[in-house]
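The block underneath contains the structure these notes are about, expressed in structure tokens.
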Amino acid sequence: MTFEVIVIDFSHIKALWETRVKKYKEQCKKEKQRIEQSALEKIKKEWTFILECRNKGIPQAVYMKHGFVDTELKIPEREEQNSDKKDLIVNEKPKTDKFIFHLFGEQWEELPESLKEKTYLKQLYVNKTRIRIIPEYIRFFQKLNVLDMSQNKISTIPSEIGYLKSLKELNVSFNNIKEIPPELGDCENLEKLDLSGNLDLMELPFELSNLKKVTFVDLSANKFCSIPICVLRMSMLKWLDISNNNLKDLPQDIDRLEELETLLLQKNKLTYLPQELTNISKLRLLVVSGDSLVEIPSSLEENPSLKYVKLLDNPIDGSLDLEDDEDLNENNQDREIFEKEFMKAYIKDLTERETTPTYTTKVSLSLHI
């Protein structure tokens, strides 16, 4: 029996692999640079920063700047309070800022009694607590212009909210709210309304049509089947986020929103975009999910002044071993918060790019929390 043996000059193999290793290291270096400059890396950096702030009990309002995370902020050490509730922070700013009140901490289940006496407040921030109600005595805070009660366990907004005539910003995002009182329409000076992440909110009262000064509305991560009629009556509206709902189509009179500049529609069930969208002359950013869309006005894609963005949504693994509905709800809200931070970073990156102003971008979203 004869065996054939191939003799190889190993010096050639060594040279070949040295060349391949060198190319591989160069590719790794380029990939590392690309990732460092990408929006995903920004999000990772922001979330690391946010978690560090949360662990030190620092209120969200301290490190949020115009809706975005200010990662350049030097994180102060956590203030230790002479309180029996350790892990909590009631942070009233210095006396020079006595009109702003912060409450932060997951062990808080109700507002402190001392708050009743602070009706002179102009800004009230209650974040990441387990508080379930907004008290009726909120009606006495007549000078309040910012009410931020996001990321709590609030289930209802009292009708007394309508007494806040000076209110300009209302943020009750990521709570358990299922119904909005019609009295909110009496807050005639309201400019910013954030109801995102309540998950089960399905409709808004028509009385909110009275909010003629509103420029920002966020209804994302709820269960709206259509854009509420009251929203279409907000003539000054510039930013509308109704992503991650159950929209199947858009109203034919959507062009009533003549001042609209940003429209976020991704993660819905839309199969087409109406021609009427092209009538909104001030529209500068349109974000949709492209998987189900079969009909898109060509003038949208060809508009030189419009950033038209298509997102490709990957299914999210829902196989979670959780004990009860509350855990499931918290997990869903955490995922939605992460996705919103992703979109904020992505939109900010888009607006800062010095590229041709018209393009279609496809991004694959696959977020697992």
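The values are calculated or read from the model by the stated rules, or taken from the named source; none is laboratory data. Since this is a predicted model, take the numbers as computed values, not measurements. In this analysis, Cβ positions are derived from the backbone assuming ideal geometry, glycine residues included, and neighbour counts consider all displayed protein chains. We work out accessible area using only protein heavy atoms, side chains counted, and drop any ligands, DNA or RNA first. Shrake-Rupley method; radii C 1.70, N 1.55, O 1.52, S 1.80 Å.
Applying a DSSP loop filter and a limit of 14 other Cβ atoms within 10 Å to the trypsin sites (Lys or Arg not before Pro) in region 161-209 leaves Lys165. With all protein chains kept in place, the per residue accessible area of region 166-223 amounts to 39 square angstrom at a probe of 1.4 angstrom.
So how far, in whole Å, is the C-alpha centre of region 122-168 from the one of region 243-312? Between the Cα centre of region 122-168 and that of region 243-312, the gap is 33 Å. Protein heavy-atom surface of region 233-302, 1.4 angstrom probe: 41% of the accessible area is carbon and sulfur, with nucleic acids and ligands not counted. Average accessible surface for region 226-278: 38 Å² per residue, computed with a 1.4 Å probe over protein heavy atoms with every protein chain in place.
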